Amino acid sequence: MKFLRAWVNGATVPGVLDSQGVRRNISSLVADVTTQSLSGAGLAAIQNADLSALPEIAADAPLLAPWADCKKFVCIGLNYADHADETGMELPEQPMVFTKWTSSLAGPGAVVSLPADTVDWEVELVAVIGHGGRDIAAADAFAHIAGYCVGQDISERRLQMASTPAQFSLAKSLRNFSPVGPWLTTSDEVGDPMDLAIGCERDGEVLQQSRTSSLIFDIPTLVEYLSARVELLPGDMIFTGTPDGVGVGRRPRVFIEAGWTITSEIEGLGYMRTTFVADDKG
């Protein structure tokens with residue numbers, strides 16, 4: 001199933017996308033979309049419901065981040081060989097891990113106010129933890145994933161490189177710098193998450209294009225590696241890394257300008273559009 005959250009008349013409304021692509025209001029079944037409501041009795045109630053009988057959510061209602069209980073972001077850097085090459089960095093021998101702060105979380109239609117002229121794009125496959133734990137074996141990893149969505153790991157490169165070592169978390173956690181969506185697609189609908197087309201574009205110009213099969217460290221490896229060190233909690237997001245084609249890797253470098261809209265898409269998971277505007281602080 002594809003779960004979503006929409007902003008309707010000043011309130012958050014939980015929903016699903018039915019088989020006809022219509023957004024349906026499921027507030028009569030669950031209070032909100034959380035990893036708990038996507039398991040057990042809550043999920044059974046939704047699966048057994050006649051979705052066609054539920055109220056529609058207007059197609060133009062703004063979408064929010066698809067689930068409400070994100071505890072933390074766990075992000076993986078340099079997880080595509082071509083991306084490591086374009087940045088001039090060596091391939092990591094083990095996952096390169098950093099965090100983004102949850103205050104940067106945004107929905108799939110986010111508008112980002114540019115804080116500088118060195119803001120960059122990074123489309124990523126996001127895996128959402130459904131059943132948490134520690135010391136999860138790679139063989140059991142997929143059983144701990146609730147679903148997947150599209151993510152953008154937006155980065156302010158000048159701020160990122162303003163000190164040594166680089167300050168990844170700060171530069172990637174500005175307001176609305178972590179849009180995700182458009183919905184949370186449950187694992188049973190995804191098929192093989194390790195072989196999906198992934199990319200982003202601006203006005204028809206392809207910026208990034210790859211497949212998740214090119215990941216250096218796949219999702220089972222990441223779940224095993226991370227859970228051996230920190231507890232993974234329901235709702236946690238794993239940003240799995242970005243392929244080549246980012247602005248900082250181009251010659252000459254290219255960064256986002258006010259007026260851009262970047263469309264990020266992953267096969268089977270949908271797409272989202274992120275709009276960038278001039279700094280509203282004057």
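The values are calculated or read from the model by the stated rules, or taken from the named source; none is laboratory data. All values derive from a computational prediction rather than experimental measurement. Positions of Cβ are backbone-derived with ideal geometry, glycine not excepted, and every protein chain shown enters the neighbour counts.
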Practice task
Quick one: in segment 46-69, of everything that is out of contact with any strand residue (DSSP E or B) (no Cβ under 6 Å at 6 or more places or on another chain) and in contact (Cβ under 8 Å) with a residue 40 or more places away in the chain, which residue is farthest from THR34 (Cα to Cα)?
Solution key: ALA58
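Could you say which residue among LEU159, LEU196, LEU184 is in contact with a helix residue (DSSP H, G or I) (Cβ under 6 Å, 6 or more places away or on another chain) and closer than 28 Å to PRO14 by Cβ?
Working: LEU159 fails: closer than 28 Å to PRO14 by Cβ; LEU184 fails: in contact with a helix residue (DSSP H, G or I) (Cβ under 6 Å, 6 or more places away or on another chain).
Every option except LEU196 fails the conditions.
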Practice task
Give the residues of segment 73-106 that are assigned to a loop (DSSP other than H, G, I, E, B) and surrounded by fewer than 17 Cβ atoms within 10 Å (Cβ to Cβ), sorted by residue number.
Solution key: THR87, GLY88, MET89, GLU90, LEU91, PRO92, GLU93, GLN94, THR99, TRP101
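What residue, among those in segment 264-282 that are assigned to a strand (DSSP E or B) and under 14 Å from the mean Cα position of the chain (by Cα), is nearest to ASP117 (Cα to Cα)? Give the derivation first.
Within segment 264-282, the subset assigned to a strand (DSSP E or B) is 264-266, 270-277.
After this cut, where a residue has to be under 14 Å from the mean Cα position of the chain (by Cα) as well, the list is 264-266, 270-274.
On the way: SER264: 21, GLU265: 24, ILE266: 27, GLY270: 29, TYR271: 25, MET272: 23, ARG273: 20, THR274: 17 Å.
Checking each candidate, the answer is THR274.
Select from segment 60-94 the residues that are of a type outside the set (D, E, K, R) and over 27 Å from TRP183 (Cα atoms) and list them in ascending order. Can you show your working first?
Let us first name the residues in segment 60-94 that are of a type outside the set (D, E, K, R), namely 61-68, 70, 73-81, 83-84, 87-89, 91-92, 94.
Answer for segment 60-94, where residues must be of a type outside the set (D, E, K, R) and over 27 Å from TRP183 (Cα atoms): ALA81, ALA84, THR87, GLY88, MET89, LEU91, PRO92, GLN94.
For segment 153-169, state whether one or more residues are surrounded by 17 or more Cβ atoms within 10 Å (Cβ to Cβ) and within 13 Å of the chain's Cα centre (by Cα).
Of the residues in segment 153-169, the ones surrounded by 17 or more Cβ atoms within 10 Å (Cβ to Cβ) are 153-157, 159-160, 168.
Applying the additional criterion that residues be within 13 Å of the chain's Cα centre (by Cα) yields 153-154.
Yes: one or more hits.
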Problem - Set ASP60, ASP50, ASP32, ASP18: member being closer than 25 Å to TYR271 by Cβ, charged (D, E, K, R) and either loosely packed, with under 13 Cβ neighbours inside 10 Å or in the same structural domain as ARG273 (by TED's automatic domain parsing) (or both) - result: ASP60
Problem - Filter result for LEU174 (outside any strand (DSSP E or B), farther than 20 Å from LEU233 by Cα, in contact (Cβ under 8 Å) with a residue 24 or more places away in the chain and of a type outside the set (D, E, K, R)) - result: yes
Exercise for the section: Select, from GLY133, GLY199, GLY204, the only residue that is under 23 Å from TYR225 (Cα atoms), assigned by TED's automatic domain parsing to the domain that holds TRP260 and not basic (Lys, Arg). Expected result: GLY133
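Restricting attention to segment 126-142, and to residues there that are part of a helix (DSSP H, G or I) and more than 20 Å from PRO66 (Cα to Cα), which single residue is nearest to the chain's Cα centre (by Cα)?
Within segment 126-142, the subset part of a helix (DSSP H, G or I) is 138-142.
Retained after the next criterion (residues that are more than 20 Å from PRO66 (Cα to Cα)): 138-141.
Numbers: ALA138: 21, ALA139: 23, ASP140: 22, ALA141: 18 Å.
Ranking the candidates gives ALA141 first.
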Problem - Criterion: assigned by TED's automatic domain parsing to the domain that holds SER214 and modelled with pLDDT of 95 or more - qualifying residue of PRO165, PRO115 - result: PRO115
Fill in the blank from the handout: Apart from one, (1) farther than 29 Å from GLY259 by Cα; (2) touching a Phe, Trp or Tyr at 6+ places or on another chain (Cβ under 9 Å) all hold for ASP50; the odd one out is (2)
Practice task
Just one of (1) under 30 Å from THR34 (Cβ atoms); (2) without any contact (Cβ under 8 Å) to a residue 40 or more places away in the chain; (3) loosely packed, with under 15 Cβ neighbours inside 10 Å trips up ALA137, so point out which.
Solution key: (2)
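Just to be sure before I move on: is ARG157 basic (Lys, Arg) and over 23 Å from CYS200 (Cα atoms) in the structure I sent? Explain how you work it out, then say what you get.
Working: basic (Lys, Arg): yes; over 23 Å from CYS200 (Cα atoms): no.
Answer is no for this residue.
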